[in-house]
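Derivation of every value follows stated rules applied to the coordinates shown; laboratory data play no part. Given the structure is predicted, the values throughout are model-derived calculations rather than measurements. No Cβ is skipped: glycine too gets one built from the backbone with ideal geometry, and neighbour counts run over all protein chains shown.
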């Protein structure tokens with residue numbers, strides 16, 4: 001029996017930038033790097049990442065974390081932002097590609113088992 005697509009899943013979203021209880025949408029941003037993504041684990045990498053975070057903050061965009069494919073050519077980045085357009089603007093300012101932006105929410109399978117679980121549903 002397939003239940004996906006037949007029931008509504010509700011998950012909370014993080015507070016907006018004002019911290020006033022308005023919920024900020026969460027997005028999955030897919031990126032392609034033809035020659036691979038290389039962020040060195042040193043001061044140069046730290047500086048590069050700090051610059052991206054600061055630029056994002058100018059438009060109220062929060063980079064939560066990223067998943068990097070085995071060959072480092074594809075990334076899947078989780079962001080909180082008011083709109084997909086805000087993500088596109090900061091990506092352009094940061095010189096980062098954007099293949100697709102999808103609004104997402106967490107589906108925690110352990111919620112359904114009553115065993116508590118693996119997610120804070122944000």
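Rounded if a/c is under 1.5, else prolate if a/b is larger than b/c, else oblate: which is segment 61-111, with a ≥ b ≥ c the root eigenvalues of its Cα gyration tensor?
oblate
How far apart, in nm, are the 7 Å Cα→Cβ label points at residue 88 and residue 62?
Between residue 88 and residue 62, the simple spin-label model gives 2.4 nm.
How long are the semi-axes of the ellipsoid equivalent to segment 26-113, from square roots of 5 times the Cα gyration tensor eigenvalues, in whole Å, largest first?
22, 17, 13
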